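Enquirer: Dropping a structure here in structure tokens format, bear with me for questions.
What follows draws every value from the coordinates through simple rules; no lab data is involved. This one's a predicted model, so the numbers in the text were calculated from it and none came from an experiment. A quick note on method: Cβ atoms are made from the backbone with ideal geometry, for glycine too, and the neighbour counts reach across all protein chains shown.
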Amino acid sequence: MAKEKTAERKKPIEPGSWRHTLHEMKMNQACYWMMLPFFALFTFFTVIPVVMSLPLGLTSFNLVQFPRYIGLQNFYSLFVNDDVFLIAVKNTLIFAIFTGPFSYVLSFILAWLINEMNPFLKVFFTFVFYAPSMTPSAFVIWQLVFSGDSYGYLNSVLLDLGIINTAKQWLTDVTYMMTVVIIVQLWTSMGAGFLALRAGFQGIDTSLYEAGAIEGIQNRFQELFTITIPAMGPSLLFAAVLAISGAFTVGSVGAALCGMPSTAYAVHTIMNHAQDYGSIRYEMGYASAICFVLFAVMLICNKIIRGVLSKYTDN
Amino acid sequence: MAETLVNNAAITDSLEAENAKALKRLRKRQKKRGSIEKAKVKKSKGKHINGSLGGDIAIFILLALLGIFMLFPLYYSIIQSFKPISELFVFPPKLYVLSPTGENFSNLFKVAGNLWVPFSRYVFNSVFITIVITLMHVFVVCCCAYCLSKCRFPGYNFLNQLIVTSMLFTSTATWIMQFVVMAKMHMINTYWALILPSVATSMGLYLMRQNMSTINDAIIDAAKVDGAGAFRTCWQVVIPNQKPAIATLIIFVFQGAWNVQGGALVYKEDLKTLPTIMSQIAASGIARQGIIYASAVVLMIPPLVIFLIAQSNVMETMANSGMKD
């Protein structure tokens, strides 16, 4: 017994050393086995394809001939020669600033309000607000609403009320396009984040609220800021990541409503630009470079949000 | 021995004094907020303790108004599918049906019955891959999320960062390389080509990881002390406490899996899925306008059903049940 102890003391395992790491790995062997199935699949179907497609940004690749290395030329022409790209960057930032935070806050508020209801209404309203995400190409309906002739629902209502006297071209007039697409984007972007936040609310220990009431919390808002938000930090972070990736990859809504390319590129986004080069012109190298820039922007944004939310989360 | 007894007595005394003080404070506070009975009545309704009836009604009206906008496309596509051909082409489209008919649906199944490969084959393909993807994904993701949230192993930070980063990456060029990888693994034209890429998505994993990280470490330590390994701790202690998150995960996966289209990965006719074949039927021209709406409605039904089942099974939270600190 004593001998064993001295033997242990002779070789102390210092944290940070290789032996320590190895020891830790052995201790957590079961974890590695449990993670293996997912990460094996993840490596083959996500990591390897992504890593393999990163170098494409440095090539000229038309899908038929083998990629030809051209160095940083794609990035050079992206920022110096490509006027449309700069418009797309500007539009993407406007979309991201308006739709990202708004849809995030809106879905949080909705999830919170629903959480206050009785079980039946909870299920019902969760269904109602998630419904657009389950209806394929739900935003197409907005084409009818914003249709440019006097039969478009919005135009006909406004004409009847006498607010406007000629039909407005909501989807082709540069002055309205941005606003219209932002509204529709907000409306479609809630789905996944909203549902995740609902789960976060449902995961909160209800005894916390009882304790809060005993401690003298007066109203819903105090309850929200002192109990609810700190208790669901991880879900907030998840929804934030979804909101970022959603906000920066907007494009399909604008393309569906206003066409691609839209009038004067008024709602053209980075994502549209990448699709333009990727699936219409087949300049894959250039499209990859565009995506890489977008990825870099999102990473920076993610770092900032993480910093803001860091006091509520462990990682 | 006697000393400890005296000590214990002293401790209980001081505790009692403290308790009495706390009780006094509590009563004072409750008096300020209204009577104790009122608080009890509110609690017994199973509602939040804080909140007023007027507030509830205002919230309900607000949500109902917003809800109309949200349900509009669902309502519209259902209405469209019941319109006879004469009403479908009225412009602007009416928001109601004058003479509802089921002929769009019967036409859909008539066309479906005349396909080269029996229609039941496509139904089977879709149901099969959806079930396999959902089961595999939930199992694999739960195991992995438990480790990523609750075990501190070498590589912990790296793997967590990798998952978040992968959620932010979008590339229009990735599919080329995905095809290359799958071709190298001889998976083109097999069920695996439809199943495995959907299992390997990271969004569900990150969702589960974030939710599991709110679980109290004390439960897990207790399980470890009782001799449960990582796998048993995960499935018998952590997962039963994660009903809301699992329900959400299932909704996401099922919806994704049900809408899987083979694209370039599967071109054999008898491996194609229902959405693929529905869009093929719909693509054949303006005369099939009614069928397009009917097929959209038919395809929407399974995810809707799963959504309602999953959501209504998560009435009340189970988080940290059995924990008393």
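Enquirer: With charges set only on the Cβ (+1 for Lys and Arg, -1 for Asp and Glu), what does the dipole of the stretch A:115-245 come to about its Cα centre, in debye to the nearest 20?
Expert: With only Lys, Arg, Asp and Glu charged at Cβ, the dipole is about 200 debye.
Enquirer: OK, next. Using Cα springs under 10 Å in a Gaussian network model of chain A, which residue among A:P49, A:P234, A:P101 shows the largest mean-square fluctuation?
Expert: Between A:P49, A:P234, A:P101, it is A:P49 that shows the largest mean-square fluctuation.
Enquirer: If you don't mind, there's one more thing I want to ask. Working from Cα positions, state the angle (0 to 90°, nearest 10) between the long axis of helix A:18-27 and the longest principal axis of chain A.
Expert: Roughly 80 degrees, rounded to the nearest 10.
Enquirer: Report the Cα-based extents of the stretch B:106-312 along its three principal axes, largest first, to the nearest Å.
Expert: Here the spans come out as 66, 41, 27 Å, largest first.
Enquirer: Which links in A:K26/A:K303; A:K303/B:K243; A:K122/B:K83; B:K150/B:K243; A:K168/B:K83; A:K26/B:K150 stretch past 21 Å when you go from one Cα to the other?
Expert: Long pairs (Cα-Cα over 21 Å): A:K26/A:K303; A:K303/B:K243; A:K122/B:K83; A:K168/B:K83.
Enquirer: Is the shape of chain A best called rounded, prolate or oblate, per the rule: a/c under 1.5 gives rounded, else a/b larger than b/c gives prolate, else oblate, with a ≥ b ≥ c the square roots of the Cα gyration tensor eigenvalues?
Expert: Taking the square roots of the gyration eigenvalues as a ≥ b ≥ c, chain A is oblate.
Enquirer: Kirkwood hydrodynamic radius for the protein assembly as shown: how many Å is it when counted over pairs of different Cα atoms?
Expert: 28.0 Å
Enquirer: Which value in Å does the Kirkwood hydrodynamic radius of the stretch A:104-246 take, with 1/r averaged over all unlike C-alpha pairs and then inverted?
Expert: Mean inverse Cα-Cα distance, inverted, gives 17.7 Å.
Enquirer: In whole Å, what is the distance between the alpha-carbon centres of the stretch A:207-258 and the stretch B:181-245?
Expert: Comparing the Cα centres of the stretch A:207-258 and the stretch B:181-245, I get a distance of 24 Å.
Enquirer: Sorted from largest to smallest, which semi-axis lengths in Å does the alpha carbon gyration tensor of the stretch A:9-121 give for its equivalent ellipsoid, taking the root of 5 times each eigenvalue?
Expert: 41, 35, 17
Enquirer: I would also like to ask the following. Check the cysteines of chain A one by one and keep only those with no other cysteine Cβ under 4.7 Å from their own.
Expert: Unpaired cysteines in chain A: A:C258, A:C291, A:C301.
Enquirer: Could I ask something else about it? Classify the stretch B:53-101 as rounded, prolate or oblate from the Cα gyration tensor: take a ≥ b ≥ c as the square roots of its eigenvalues, call it rounded if a/c is under 1.5, otherwise prolate when a/b beats b/c and oblate if not.
Expert: Prolate shape, in that a/c is at least 1.5 and a/b is the bigger ratio.
Enquirer: Per-residue ellipticity at 222 nm for the protein assembly as shown, helices alone: DSSP H runs ≥ 4 residues times -39500 (n - 2.57), over residue total, nearest 500 deg cm²/dmol?
Expert: -21000 deg cm²/dmol
Enquirer: Taking chain A as a Gaussian network, where each spring joins two C-alpha atoms under 10 Å apart, which residue of A:C258, A:C291, A:C31 fluctuates the most?
Expert: Comparing A:C258, A:C291, A:C31 in the GNM, the peak value goes to A:C31.
Enquirer: May I pose another question? Among A:I109, B:A193, B:L299, whose Cα projects farthest towards the positive end of the dipole of the protein assembly as shown, with charges put on the beta-carbon of Lys, Arg (+1) and Asp, Glu (-1)?
Expert: Selected residue: A:I109.
Enquirer: Explain nothing, just the number: dipole magnitude of the protein assembly as shown about its Cα centre with +1 on each Lys and Arg Cβ and -1 on each Asp and Glu Cβ, in debye rounded to the nearest 20.
Expert: That gives the protein assembly as shown a dipole magnitude of about 1360 debye.
Enquirer: Pick from A:S288, A:S133, A:S17: which is most flexible by mean-square fluctuation in a GNM of chain A where alpha carbon atoms under 10 Å apart are linked?
Expert: Of A:S288, A:S133, A:S17, the Gaussian network model singles out A:S17 as fluctuating most.
Enquirer: Follow-up. Just how large is the dipole of the stretch B:106-312 about the Cα centre, in debye to the nearest 20, putting +1 at every Lys and Arg Cβ and -1 at every Asp and Glu Cβ?
Expert: It works out to roughly 180 debye.
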